[in-house]
1. Is there a residue being at pLDDT 95 or above, open to solvent by 80 Å² or more (accessible area, probe 1.4 Å), out of contact with any Ser or Thr (no Cβ under 9 Å at 6 or more places or on another chain) and away from the ligand (no atom under 16 Å from the Cβ) anywhere in region 37-54?
2. List pairs: first residue in region 29-57 and among the polar types (S, T, N, Q), second residue within 16 Å of the ligand (Cβ to nearest atom) anywhere in the structure, Cβ distance under 7 angstrom, at least six positions apart or on different chains.
3. Among the listed residues Ile6, Ile20, which satisfies the condition of being at pLDDT below 90 and out of contact with any strand residue (DSSP E or B) (no Cβ under 6 Å at 6 or more places or on another chain)?
4. Within region 11-23, how many residues are open to solvent by 40 Å² or more (accessible area, probe 1.4 Å), within 12 Å of Cys42 (Cα to Cα) and more than 21 Å from the chain's Cα centre (by Cα)?
5. Kindly indicate which of Gln26, Gln62 is out of contact with any helix residue (DSSP H, G or I) (no Cβ under 8 Å at 6 or more places or on another chain) and exposed (fewer than 12 other Cβ atoms within 10 Å of the Cβ).
Amino acid sequence: MANKVIADYLDEEGCLHCGICGKRKQMKVSLMGFEHVVSCLCECEVKARQELDEKMQREEAQRQLIRENPSDFGKEDSGNGNLKMTTEATRRC
Ligand SMILES: [Zn+2]
């Protein structure tokens, strides 16, 4: 049976598995003689979080850079920067 939608599935122990990477999204832990089902991240969820974290860190670093050196980014009319502006304008064309 071909199912186009990749769905999460339960294994024989009743733990949820990711339909994409096949890793567990739930795991059982024994605590005080009882079994508890706890949620955990599957491989693609971990990856998605890492990518999101890296993206946010890059954006934050860029914002930090602009905050620390605003003159490097917004140099417009500093009076003595005419020559620099001209060369920059030429380079941009
Ligand atoms: Zn997954």
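The values are calculated or read from the model by the stated rules, or taken from the named source; none is laboratory data. None of these values were measured; they are calculated from a predicted model. Here Cβ is always computed from backbone atoms with ideal geometry, including for glycine, and neighbour counts include all displayed protein chains. Ligands, DNA and RNA are excluded from the accessible area calculation, which covers all protein heavy atoms including side chains. Shrake-Rupley method; radii C 1.70, N 1.55, O 1.52, S 1.80 Å.
1. Among the residues of region 37-54, at least one is at pLDDT 95 or above, open to solvent by 80 Å² or more (accessible area, probe 1.4 Å), out of contact with any Ser or Thr (no Cβ under 9 Å at 6 or more places or on another chain) and away from the ligand (no atom under 16 Å from the Cβ), which makes the answer yes.
2. The qualifying pairs are Ser39/Lys25; Ser39/Gln26.
3. Exactly one of Ile6, Ile20 is at pLDDT below 90 and out of contact with any strand residue (DSSP E or B) (no Cβ under 6 Å at 6 or more places or on another chain), namely Ile6.
4. Count: 1.
5. Sole residue among the options that is out of contact with any helix residue (DSSP H, G or I) (no Cβ under 8 Å at 6 or more places or on another chain) and exposed (fewer than 12 other Cβ atoms within 10 Å of the Cβ): Gln62.
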